[in-house]
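Asks: Can you keep this structure in mind? I'll have questions shortly.
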Amino acid sequence: MKNLDYVIQVARQFTSVSAELITAKPYGAGNINDTFLISVNKPVSDHFILQRINQRVFPHPEQIMSNLSVLSKHLLTKASQQKRRWEIVKAIPTTKRKNYFLDKEGNFWRALTFIEGAHTYASVRNVRHAYEAGFALGTFQRLISDLNPQELYDTLPGFHSMPDYLTHYDEVLGGYRLPTTKTVAYAIDEIRRCRSWALRLDEAYKKGILVERPIHGDPKVDNIMVDDRTGRAVSIIDLDTVKPGLVQFDIGDCLRSSCNPLGEETDRFEKISFDLDLCRAILRGYLSEVAAFYTSADYAYIYDGLRILTFEMALRFFTDYLEGNVYFKVHYPEHNLNRALVQFKLLASVERQEKEIRRLIREMAQKERLS
């Protein structure tokens, strides 16, 4: 990646060259794009986010910007009508009035508004935070529920497509030549076991039981912005994966990422568990917002969303490990293997508590319908 002096040069494409001061520093912990926080003294202090889009992951980044424009227009009025603070990330134009900048090497850069006075967190801090994570996702889905999904590009074809992930895994496994360790063998056995139910969401969609709507696509807890003063969620960020899809993908991934108190990067594998109290709080916040457009089938498949999305992440991490760590950023060779192991252990905890989780969903769904 370019040094920070070069990043500042790029940042100047999005702001006046007369700005008195521009500084840049790496920001966030994303696994895909290179992200920087830009500080500008105009002389009034201001900030914005600068990102170099990973074009290997997003081969058509202009589609991302088109989706962001569609979302911004759809949400602008709605956000101002919310009873509590709700922010929308918007694109900042270049000095030539374009919403992206291509450098001489063909790198795709974009600038986004920075949400002041709020932060994201790598894991859920407490039950209140869990409620706010669920509320944020529910609010976002409610606000875009009347947006025609056909107005959005599918920026990641195959994203959340379990048939595609399994096919790719089979191809990669077929070419795997390194020694099969105990952990690798365990992962292979788990994937073989999970195939019997891994396509339930796909099958329900094909039968017309579930329908596509606009979804966030990646609503992990570290994409939820929380107000520093009030502790309330004020936005959901990282909108590159917004696309047509099933709402179960979103709530499943939110529960998966939020209800593991040890987080995705832990090495305390035997201590990993799915926390029912956090699950209850997330569902309470989420279902209170989506009740207006949810169907009976949507409620019925929430557990399947959780189970399948947990397996999906395990499968993706493990496949990337077998392939040589070509998708997710890693800090050591076995990083993606350990990430996969975390998800497999979390999946085991989810399955052990299936009855309790389904009961929670039924009880809360009934409460929202009666309220």
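The values are calculated or read from the model by the stated rules, or taken from the named source; none is laboratory data. The structure presented is a predicted model; accordingly, all values stated were derived computationally and were not measured. So basically every Cβ, Gly included, is an ideal-geometry build from the backbone, and we count neighbours across all protein chains shown.
Asks: Please determine, by comparing only the residues of region 244-262 that are at pLDDT 95 or above and out of contact with any Asp or Glu (no Cβ under 8 Å at 6 or more places or on another chain), which one is surrounded by the fewest Cβ atoms within 10 Å (Cβ to Cβ).
Replies: Ranking the candidates gives F249 first.
Asks: Pull up region 74-95, narrow it to residues that are of a type in the set (G, A, S) and free of Cβ contacts under 8 Å to residues at least 40 places away in the same chain, then point me to the one that is surrounded by the most Cβ atoms within 10 Å (Cβ to Cβ).
Replies: A91
Asks: Of all helices (runs of 4 or more DSSP H) completely enclosed by region 282-371, which ones contain at least 1 residues that are closer than 25 Å to T139 by Cα and either at pLDDT 95 or above or among the polar types (S, T, N, Q) (or both)?
Replies: Where helices (runs of 4 or more DSSP H) fall fully within region 282-371 and carry at least 1 residues being closer than 25 Å to T139 by Cα and either at pLDDT 95 or above or among the polar types (S, T, N, Q) (or both), they are 296-300, 302-323, 354-370.
Asks: Now a separate question. Given the conditions (1) surrounded by 14 or more Cβ atoms within 10 Å (Cβ to Cβ); (2) in contact (Cβ under 8 Å) with a residue 40 or more places away in the chain, which single one is not true for K98?
Replies: The single condition K98 does not satisfy is (2).
Asks: If you don't mind, another one. Any residue in region 281-294 that is under 24 Å from G217 (Cβ atoms), assigned by TED's automatic domain parsing to the domain that holds L143 and touching an Asp or Glu at 6+ places or on another chain (Cβ under 6 Å)?
Replies: Among the residues of region 281-294, at least one is under 24 Å from G217 (Cβ atoms), assigned by TED's automatic domain parsing to the domain that holds L143 and touching an Asp or Glu at 6+ places or on another chain (Cβ under 6 Å), which makes the answer yes.
Asks: Here's another thing I want to ask about it. Can you tell me which residues in region 284-333 are closer than 20 Å to L346 by Cβ, free of Cβ contacts under 8 Å to residues at least 60 places away in the same chain and not hydrophobic (A, V, I, L, M, F, W, C)?
Replies: Once the filter is applied, which keeps residues that are closer than 20 Å to L346 by Cβ, free of Cβ contacts under 8 Å to residues at least 60 places away in the same chain and not hydrophobic (A, V, I, L, M, F, W, C), region 284-333 yields Y303, T310, D320, Y321.
Asks: Sticking with this one: Condition first: more than 20 Å from V242 (Cβ to Cβ) and at pLDDT 85 or above. Now tell me which residues in region 51-87 satisfy that.
Replies: R84, R85
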